[in-house]
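Some notes on the structure that comes next.
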Amino acid sequence: MGRCPECGEWNTLVEETAGPPPDAGPRPALLPETGEEGVRTLGEVQPGSAPRLATGLDEVDRVLGGGLVPGSVVLLAGEPGVGKSTLALQLAAAVLRRHGPALYVCGEESPEQIRLRAERLPDLPKDLLLLAETSVERIAGPWRERRPGLVLVDSVQTVHCGRVESAPGSVAQVRESAALLAAAARSAGSALVLIGHVTKEGSIAGPRVLEHLVDVVLTLEGDRAHPFRMLRAAKNRFGSTAEVGVFQMGGAGLEAVANPSELFLAERRPGAPGSTIAPLVEGTRTLLVEIQALLAPTGYGTARRTAIGVDDARVALLLAVLDRRARVDLLSCDLYVNATGGVRISEPAADLAIALAIVSSRLDLAVPPDVAACGEVGLGGEVRRVGRLDLRLAEAARLGFHRVLVPETVASEAAAPRGVVPIPVGDVADAVAWLREHGLPAG
Ligand code: TYD
Ligand code: MG
């Protein structure tokens, strides 16, 4: 079949050989005998806490919820080239330093290539165990002998097991190999990290098919043209999924970024129209991110809308709201919106800043350089409450912002830190009126 009846794409179907049919004998009864063993009441179960292998890489430990859990499986997913192998190597080196043997199974690269990459790291993890192997069965031997506390498999798309006939990287193969490795990790008590590629098209069996069988799914995000990388937990059986780790890809691998806001704002041109700063909260971290907008008259045909780092649907919604509720004529313009630094914004609290950036470009009035804005915008034009306003104001204050446009409804709830004045806005029309009064003319 050339075309997928599900998604409508061409040539995305991959052939797979089905396994042998299950034994067709009489079906065994599910409830053969009585027997109570194995059943306990919830009250009888002791709330044991999982022991942790703290890796010593603070950004990673925080996202994991304190470190790797022995016997658990972590899936580290990301687009090719984002830095998964680099992070894996650093993780292995860190565990090796603190807790003893770590085994790196390289199915994608040769040990020589791994060595080259390791040369760039601050200190070479000389005792890291490398195994160039793609057969799951043959990984078992060294795993049993060397008793590593951590096993990394780079990548799960290259390994295969004899039980399934389909090619490495196919859904059946990836799933079966990962299940075997996960079972081995549980019985050996090693932490297992599986590295998986996600492609933009998602055509190859990706990490999605593994999500249910692993304990933690970490995604490493970032734009290859920018040095920033964010590590998030999409699923975490042992901790929160709200934390992010921020890294910078440099000459010596991934370096933790303690103050991301400063980096994100480093190249800002204060006083330029079409730019607004938004204080965003990711887990317990606050990031100040610059949002830029540029409007240009539409040449012919329909207007173009391009958003980078911001959801297209969000931008379309804000345009409609600004047009209808604040009477700013935008619909005849091409619009480009960009979250600088390659950040991907998912928080609705950025709405007000996006809206202000758009209006600022349209009116050619710059948002004053000491002003930031946060608030979710509703379809009625109302600016809705955001969580953790205290954290947002504190981060803004730390980086020298003196005024922050905030939702009217929460303005009085947070005690503003010294040096910051919250400016309450009830709806987008208020924000636009504020900009008309306080904005700085360009030039
Ligand atoms: P890599 O970890 O191989 O990505 P993945 O395994 O996700 O495909 O590395 C990605 C890029 O990072 C690669 O283009 C080279 C770059 N890099 C650095 O900039 N600095 C470094 O110290 C290292 C090791 C890699
Ligand atoms: Mg790699």
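The phi-based Karplus calculation (6.51 cos²θ - 1.76 cosθ + 1.60; θ = phi - 60°) puts the 3J(HN,Hα) values of the range 412-423 at 8, 6, 8, 6, 6, x, 4, x, 10, 10, x, 10 Hz, whole numbers, x for Gly and Pro. Counted over the range 51-258, the DSSP beta bridges are approximately 40% antiparallel.
Computed about the Cα centre, the dipole magnitude for the range 209-340 is approximately 280 debye when only Lys and Arg (+1) and Asp and Glu (-1) carry charge, each at its Cβ. Two tests apply to each whole DSSP H helix in the chain, Cα reach of 20 Å or more along its axis and mean Kyte-Doolittle hydropathy of at least -0.5, and the ones passing both are 84-99, 171-188.
Rounded, prolate or oblate: pick one for the range 344-396, where a ≥ b ≥ c are the square roots of the eigenvalues of its C-alpha gyration tensor, a/c under 1.5 means rounded, and failing that, prolate if a/b is larger than b/c, else oblate. It is oblate, given that a/c is not under 1.5 and a/b is not larger than b/c.
When the convex hull of its Cα atoms is viewed from all sides, the range 262-441 shows a mean projected area of 9.3 nm². Relative to one another, the C-alpha centroids of the range 171-201 and the range 237-257 are positioned 22 Å apart.
Here the chain is assigned +1 on the Cβ of each Lys and Arg and -1 on the Cβ of each Asp and Glu. Its dipole about the Cα centre then comes out at about 600 debye.
Taking the chain as a Gaussian network of alpha-carbon nodes connected by springs under 10 Å, the highest mean-square fluctuation of the residues VAL82, VAL63, VAL328 belongs to VAL328. Looking at the chain, the DSSP beta bridges with both ends there are about 50 percent antiparallel. If only the Cβ of Lys and Arg carry +1 and only the Cβ of Asp and Glu carry -1, the dipole of the range 51-258 around its Cα centre is close to 420 debye.
Our Cα-only numbers for the range 51-258 put the radius of gyration and Dmax at 15.5, 47 Å. Only Cα sites of the range 260-328 enter the Debye sum here, all with the same form factor; the resulting log10 I(q)/I(0) across q = 0.19 1/Å is -0.98, listed in q order. For the residues ARG385, ARG269, ARG62, a GNM of the chain with alpha-carbon springs under 10 Å puts the largest fluctuation on ARG269.
Look at the dipole of the chain built from charges on Cβ: of LEU180, LEU103, GLY56, the Cα furthest out on the positive end belongs to GLY56.
For the range 392-443, the Stokes-Einstein estimate of translational diffusion at 20 °C and a viscosity of 1.002 mPa s comes to 180 µm²/s, using the Kirkwood hydrodynamic radius over alpha-carbon pairs.
Largest GNM mean-square fluctuation among GLY222, GLY251, GLY66, using the chain with Cα springs under 10 Å: GLY251. Expressed in units of 2.2 N^0.38 Å, where N is the residue count, the Cα radius of gyration of the range 118-240 is 1.12.
With semi-axes defined as the square roots of five times the eigenvalues of the C-alpha gyration tensor, the equivalent ellipsoid of the chain measures 46, 26, 23 Å, largest first. With the helix formula -39500 (n - 2.57) applied to DSSP H stretches of n ≥ 4, the chain reaches a computed 222 nm mean residue ellipticity of -8000 deg cm²/dmol. Looking at the range 352-428, the DSSP beta bridges with both ends there are about 25 percent antiparallel. Rounded, prolate or oblate, given the Cα gyration tensor of the range 85-161, with a/c below 1.5 counting as rounded? In terms of gyration-tensor shape, oblate. Along each principal axis, taking the top coordinate minus the bottom one, the Cα set of the range 199-316 gives 51, 36, 28 Å in descending order.
Bear in mind these aren't lab numbers, they're just calculated from the coordinates by the rules spelled out. As the structure is a computational prediction, the values presented were derived from the model and not from experiment. Please note: Cβ atoms are built from the backbone with ideal geometry, for glycine as well, and neighbour counts cover all protein chains shown.
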